[in-house]
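Here the structure is laid out as structure tokens; the discussion comes afterwards.
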Amino acid sequence: MSIKTYKIITALICTICILSIQQSHSQESDDSLNAKIYSLSLEELMNIKVTGASNIITNEKSMPVSVTTISSKQLMLSGARTLSEAIMVYVPGFFLTEDQDDYIAGFRGLSPDNNSKILLLLTCQKLTNEWFWGAPTALLPSINFDYIEKVEIIRVPGSVTLGQGALLGVINIITKLSGDLNDFENNDVSVFGGNNDYIGVNVGTSIQDKDFNAYFHIASANYNGQTIRNEGWARDKINAGYKGGTVFDIGTRLKRCKNDFVFGRLNFGNNSFQFLYSDIKKDLYNFYRDRNVFEEMLASLYYTNNINISKKVKLKTDFSYSFNNFNLESVDGFTMGGIRENRYGVKSIANIDNLIPHNMLAVGIEFERYEFGRKNLDGNNFINNLVDTNTINHYSNYLVYSNQNKIWGYSGNINVTSFILENIYTLYKDYNLIAAARFDIHPYWGSNISPRFGIVASPHEKLHIRLTYQTGFRGASGLHYIGGYRNDGFLYEDNFDKVAAANIPIFQDTVPTAEIEQNIAKVKP
């Protein structure tokens, strides 16, 4: 039997497994869930709850920002391989780009390096890295959608409610049992497979009780990728790594990816608790050095408590913890680096309704702590782009040397305190005046105010008007303040005023000129 015939038969068997298992275990619950979605009227669809864009308004129709909502059904029907690709199908102005070692989400023609100006949320919990990479690669290129109820994409700056990093837009993943359709009972198992050793399994289950419900999801998928064709970039670009040859000769494969995922959510009374573990490993098939495999592990805990202080006053408090563990390798398994970041947060918002007639007010405070430059779970904090024969022959010494002399990020902490104010006054029925501001205090770049004001009106059932002004901002990443990339040319801010004294010549091509580099101005958000 040929390999091609074997793969076809394997794919057919997996397809039969998918159909039979899903038919027996989840068709009834899926049908009821989809029926609920498709039975909603246009008015009900327009009023589906949206979170993250405002601390007061939850219905999409009255939002002071542009929001696109993608349902789980739409994600499945998109035919997309990853979450970013699915979002690109449905969201105007959103696009996906890849450079040598990045998987970047862009808005309105802007594609920020390392996703640094995109904020990623999981049911309103911030998961964006502050030290360097921005929105986690552990979720954006994920090939697992089953735990998602919907995805909300805020297509304008979101800093008024969410702070720095939301300069271009926000992606908020709403999980099952945390959105609108949280009254379902769903138990399903799916097994899938395809060409290039594509295989995976998803297991999901929910528990319903009078005062308690829970949802758990476990998934694992592996895709061996496609052979890179020996043409264009892969043929012409010389490989700088130890294997020599061209990019084609390195051994990386197009879209090769391994993804393990565990998620759980529990709701009991006025409390909600969720946990997440996602580990994704993928080839950097555009890279022409030895650091061509990237792995990110993301783990997070999130607890929310809601208290009704009175008929007019509600208090919501969130506690969060997450960390990102990075590991860099060569396609042959040599460790090329790694680092870890820890994040802690607490946020408390008080909603005060109709203390003044026709007025809704939200006031709150948020504290976030970021810990950078920590060793990853393998004990490494360094980065190398290349290895050599000596490295291969003396691997243990290489790790000791790299951790002492190729430090990726110096240890440092940043505490950010923020104050939030949002007010909406209803002039008449569907005519709302909006005013909001967020005041962020940062230990390095000082303070920043993000304003929002405007009007949202619906003078007719077929006419909806939104006129708002708001800003987004992004301060420099943590790497900018604590230093990193030792011997790799990265200059951190403490040295900006020492450049001129160093008498560094300005080069014209490869020839130094009589001019020298000058001091650099401090960065502002």
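Of note:
- Split the accessible area of the chain by element, probe 1.4 Å, and carbon with sulfur accounts for 56%.
- Two-site label geometry, ALA435 and LEU377: point separation in nm, points 7 Å out along Cα→Cβ: 5.0
- Amide hydrogen neighbours beyond the local backbone of LYS243, cut-off 5 Å, H modeled: none
- From phi via Karplus (6.51, -1.76, 1.60), per-residue ³J(HN,Hα) for the stretch 291-301 in Hz, x at Gly/Pro: 7, 10, 10, 10, 10, 10, 10, 10, 10, 8, 10
- The calculated P(r) of the stretch 182-318, using every Cα pair and 10 Å bins from 0, goes 11, 25, 23, 17, 13, 8, 2, 0 in percent.
- At R0 = 45 Å, FRET efficiency that the Cβ-Cβ distance of ARG81 and ILE504 yields, to 0.05: 0.50
- Cα-centre dipole for the stretch 217-257 with unit charges at Cβ (Lys and Arg positive, Asp and Glu negative), debye to 20: 80
- Computed FRET value (nearest 0.05) for GLU517 with LEU427, which takes r as the C-beta separation and R₀ as 56 Å: 0.50
- Of the trypsin sites (Lys or Arg not before Pro) in the stretch 255-320, those whose Cβ has at most 14 other Cβ within 10 Å and which sit in DSSP loop: LYS311, LYS312
- Here is the list for the stretch 428-481: trypsin sites (Lys or Arg not before Pro) lying in DSSP coil, each with at most 15 other C-beta atoms within 10 angstrom of its C-beta, are LYS429, LYS462.
- By accessible area with a 1.4 Å probe, ligands and nucleic acids excluded, highest first: order of GLU231, GLU371: GLU231, GLU371
- Length, then width, then depth: along the principal axes, the Cα atoms of the stretch 436-523 run 68, 32, 20 Å.
- Cβ-based net charge around PHE507, under 12 Å, with every Lys or Arg adding one and every Asp or Glu removing one: -3
- For the chain, the relative contact order comes to 11 percent (Cα pairs under 8 Å, sequence separation of at least 6).
- Under 12 Å, Cβ to Cβ, from ASP353 - net charge with Lys/Arg +1 and Asp/Glu -1: +3
- Counted by Cβ distance under 11 Å from PHE216, the other residues give a net charge of +2, where Lys and Arg count +1 and Asp and Glu count -1.
- With contacts taken as Cα pairs under 8 Å and at least 6 residues apart, the stretch 434-512 reaches a relative contact order of 17 percent.
- Debye intensity ratio I(q)/I(0), log10, the stretch 76-193, q values 0.12, 0.15, 0.17, 0.21 Å⁻¹ (C-alpha model): -0.44, -0.67, -0.85, -1.23
- Listed residue (SER178, LEU433, VAL313) projecting farthest to the positive dipole end of the chain, Cβ model: LEU433
- Modelled FRET efficiency - R0 25 Å, LEU386 with ASP99, Cβ distances, 0.05 increments: 0.85
- Legend: P(r) of the chain from all alpha carbon pair distances, 20 Å bins from 0, whole percents, reading 19, 52, 25, 3.
- Computed from backbone phi, the HN-Hα couplings of the stretch 85-94 come to 5, 5, 4, 5, 5, 9, 9, x, x, 9 Hz, rounded to whole numbers (Karplus: 6.51 cos²θ - 1.76 cosθ + 1.60, θ = phi - 60°; Gly and Pro given as x).
- Solvent-accessible surface of the chain, averaged per residue with a 1.4 angstrom probe and all protein chains in place: 47 square angstrom.
- The length gained by stretching the chain between TYR485 and ILE238 to full extension, at 0.36 nm per residue less their Cα-Cα distance, is 86.5 nm.
- The stretch 413-428 - phi-based ³J(HN,Hα) in whole Hz, Karplus 6.51/-1.76/1.60, Gly and Pro as x: 10, 10, 10, 10, 10, 9, 10, 10, 9, 9, 9, 10, 10, 8, 6, 6
- Here the extension length gained between VAL203 and ILE455 equals 86.2 nm, from 0.36 nm per residue of separation less the Cα-Cα distance.
The values are calculated or read from the model by the stated rules, or taken from the named source; none is laboratory data. Just so we're clear, the structure is a prediction, and the values are computed from it rather than from any experiment. Ideal geometry is used to build each Cβ from the backbone, glycine not excepted, and the neighbour counts take in all protein chains shown. The area values use the complete protein model at the heavy-atom level, side chains included, leaving out ligands, DNA and RNA. Shrake-Rupley method; radii C 1.70, N 1.55, O 1.52, S 1.80 Å.
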